[in-house]
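As structure tokens, the structure follows; a few thoughts come after it.
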Amino acid sequence: MFQTSLELLKFHWMAYTIYALLIISVIVWFGYNLTRKEKAKSWVRIPFYGYIAFLVAGGVGHHIFTYNAIPWVAEDIMRHDIPADRDYEITIEKHRWQLPKEQMVANMGEKIRFNVHSKDLTYGFGLFRKDGTMVMQMQVVPKHDNDILWTFHECGKFDLTSTEYAGPAQYDAETGEDKMFVKDALIVNCNDKFASK
């Protein structure tokens with residue numbers, strides 16, 4: 001159902017707004033009954049508790065529904081059984097990326113495995129759209145295999161930076177610029193055999 005994090009975010013924004021308004025209505029209902037001089041009749045309590053049960057079922061149901069609808073959850077759980085279309089080995093040391101010599105390129109719909117190694121600190125591996133929204137990220141712990149399998153359902157050029165604060169050496173002392181920011185680190189092409197998936 002959802003292919004990108006932006007689609008999921010829009011759905012969650014709408015769902016949580018409606019849910020928050022429903023919760024606020026419970027508070028208003030409860031507050032109104034507190035201000036009344038006469039005690040609420042026992043039959044009035046039945047719809048109130050029924051409404052609370054509806055809200056609990058709706059909240060739990062929403063999370064169960066979105067868990068099954070997020071495509072990268074199953075991909076992450078089963079990633080050892082899913083073959084990657086492309087593999088990229090990346091190393092980080094002293095706040096510098098050691099990327100493959102050739103430009104990282106993929107086709108929309110391909111499964112890409114990023115295996116990232118840190119030789120000194122804990123970093124983050126994050127790919128971002130041009131508008132600054134995050135496509136994906138993972139934590140990179142030193143002296144461990146840190147890999148993620150990702151299917152790109154959108155094409156374009158994606159920037160790379162660390163999503164974990166790795167100390168002041170990550171930023172240029174004079175300009176304050178992020179030294180780990182790599183513009184157009186990954187290019188995802190639209191015209192390929194996977195694009196119709």
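The values are calculated or read from the model by the stated rules, or taken from the named source; none is laboratory data. Please read these numbers as outputs of a predicted model, since none were measured by experiment. We place every Cβ from the backbone using ideal geometry, glycine too, and count neighbours over all the protein chains shown.
Could we say that Thr133 is surrounded by fewer than 12 Cβ atoms within 10 Å (Cβ to Cβ), within 16 Å of the chain's Cα centre (by Cα) and among the polar types (S, T, N, Q) here? Show your work before the answer.
Working: surrounded by fewer than 12 Cβ atoms within 10 Å (Cβ to Cβ): yes; within 16 Å of the chain's Cα centre (by Cα): yes; among the polar types (S, T, N, Q): yes.
Yes, satisfied.
Within the range 153-170, which residues are assigned to a loop (DSSP other than H, G, I, E, B) and hydroxyl-bearing (Ser, Thr, Tyr)? Explain how you work it out, then say what you get.
Pass one, the range 153-170, residues assigned to a loop (DSSP other than H, G, I, E, B): 153-155, 162-167.
Within the range 153-170, Ser162, Thr163, Tyr165 qualify.
In this structure, is Lys101 farther than 23 Å from Ala169 by Cβ and among the basic types (Lys, Arg)?
In short, yes.
Scan the range 170-191 residue by residue and report those that are small (Gly, Ala, Ser) and within 13 Å of Ile90 (Cα to Cα). Step through it out loud before you land on a result.
Of all residues in the range 170-191, those small (Gly, Ala, Ser) come to 173, 176, 185.
Listed by number, the list holds a single entry, Ala185.
Taking into account only those residues within the range 137-169 that are surrounded by fewer than 17 Cβ atoms within 10 Å (Cβ to Cβ) and in contact (Cβ under 8 Å) with a residue 40 or more places away in the chain, which is farthest from Ile92 (Cα to Cα)?
Step by step, filter the range 137-169, then rank; the result is Glu154.
Residue under question is Glu93, and the condition is that it be under 23 Å from Asp178 (Cβ atoms) and either modelled with pLDDT of 90 or more or in the same structural domain as Lys157 (by TED's automatic domain parsing) (or both); does it hold? Can you show your working first?
On the way: under 23 Å from Asp178 (Cβ atoms): yes; either modelled with pLDDT of 90 or more or in the same structural domain as Lys157 (by TED's automatic domain parsing) (or both): yes.
For Glu93, the condition - under 23 Å from Asp178 (Cβ atoms) and either modelled with pLDDT of 90 or more or in the same structural domain as Lys157 (by TED's automatic domain parsing) (or both) - is met.
Looking only at the range 104-125, how many residues end up being surrounded by 20 or more Cβ atoms within 10 Å (Cβ to Cβ) and out of contact with any Lys or Arg (no Cβ under 9 Å at 6 or more places or on another chain)?
Residues in the range 104-125 being surrounded by 20 or more Cβ atoms within 10 Å (Cβ to Cβ) and out of contact with any Lys or Arg (no Cβ under 9 Å at 6 or more places or on another chain): 4 in total.
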